[in-house]
1. Filter the stretch 21-46 down to residues that are in a strand (DSSP E or B), over 13 Å from Leu102 (Cα atoms) and either open to solvent by 30 Å² or more (accessible area, probe 1.4 Å) or of a type in the set (Gly, Ala, Ser) (or both), then give me how many there are.
2. Hey, could you check the stretch 53-109 for residues that are in contact with a Phe, Trp or Tyr (Cβ under 6 Å, 6 or more places away or on another chain) and among the β-branched types (Val, Ile, Thr) and say which is farthest from Pro42 (Cα to Cα)?
3. List pairs: first residue in the stretch 23-47 and small (Gly, Ala, Ser), second residue in a loop (DSSP other than H, G, I, E, B) and open to solvent by less than 40 Å² (accessible area, probe 1.4 Å) anywhere in the structure, Cβ distance under 7 angstrom, at least six positions apart or on different chains.
4. Considering only the stretch 64-86, how many residues are open to solvent by less than 30 Å² (accessible area, probe 1.4 Å) and either of a type in the set (Lys, Arg) or under 13 Å from the mean Cα position of the chain (by Cα) (or both)?
5. Suppose the filter is open to solvent by less than 10 Å² (accessible area, probe 1.4 Å), hydrophobic (A, V, I, L, M, F, W, C) and more than 17 Å from Asn5 (Cα to Cα); does Ala93 pass it?
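The values are calculated or read from the model by the stated rules, or taken from the named source; none is laboratory data. Since this is a predicted model, take the numbers as computed values, not measurements. Backbone-built Cβ (ideal geometry, glycine too); neighbour counts: all protein chains shown. Just so you know, the surface numbers come from the protein's heavy atoms only, side chains and all, with ligands and any DNA or RNA stripped out. Shrake-Rupley method; radii C 1.70, N 1.55, O 1.52, S 1.80 Å.
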Amino acid sequence: SKASNAPKAVIKFENPVFDFGEVPEGEKVKHVYKFTNEGKNPLIIENAKASCGCTVPTFSKEPIAPGGTGEIVAEFDSNGKPGEQNKTVTITANTEPTTTELVLKGKVK
């Protein structure tokens, strides 16, 4: 993979855990996770993969320069998902370790 061969970068999220509280079933929850590249090399995000099909992550495809910022957007569709939710989005990038986990949690009524 490209990420494992590239010089390392450092991804620092403002808050890797987002608690959306309580939402009625059927509502879509969208959250933007903002991050900064605190490393000395450009940050290359190779993939963002959610723990289930009900959560769709989108991410910056361009390399993020040192000191630069970017975002990963996760959209969770609560349709047919009553109860407590705890979804993870795994980011693969040229970081150490190569994967970083984001959490989207809350309750669907």
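1. As a first pass, look at the stretch 21-46 and keep what is in a strand (DSSP E or B): 21-23, 28-37, 43, 45-46.
Filter once more, so that each one left must be over 13 Å from Leu102 (Cα atoms): 21-23, 28-30, 36-37, 43, 45-46.
Among the residues that remain, those that are also either open to solvent by 30 Å² or more (accessible area, probe 1.4 Å) or of a type in the set (Gly, Ala, Ser) (or both) are: 21-22, 28, 30, 36, 46.
Summing the residues that are in a strand (DSSP E or B), over 13 Å from Leu102 (Cα atoms) and either open to solvent by 30 Å² or more (accessible area, probe 1.4 Å) or of a type in the set (Gly, Ala, Ser) (or both) in the stretch 21-46 gives 6.
2. Among those that are in contact with a Phe, Trp or Tyr (Cβ under 6 Å, 6 or more places away or on another chain) and among the β-branched types (Val, Ile, Thr), it is Thr55.
3. Short answer, once both residue conditions are applied: Gly26/Ser78; Gly39/Ala9.
4. Here is the first cut: in the stretch 64-86, the residues open to solvent by less than 30 Å² (accessible area, probe 1.4 Å) are 64, 68, 70, 72-74, 76, 78, 83, 85.
From what is left, the residues that are either of a type in the set (Lys, Arg) or under 13 Å from the mean Cα position of the chain (by Cα) (or both) are 70, 72-74, 76.
Within the stretch 64-86, residues that are open to solvent by less than 30 Å² (accessible area, probe 1.4 Å) and either of a type in the set (Lys, Arg) or under 13 Å from the mean Cα position of the chain (by Cα) (or both) number 5.
5. Details: open to solvent by less than 10 Å² (accessible area, probe 1.4 Å): yes; hydrophobic (A, V, I, L, M, F, W, C): yes; more than 17 Å from Asn5 (Cα to Cα): no.
Here the answer is no, as Ala93 does not meet what is asked.
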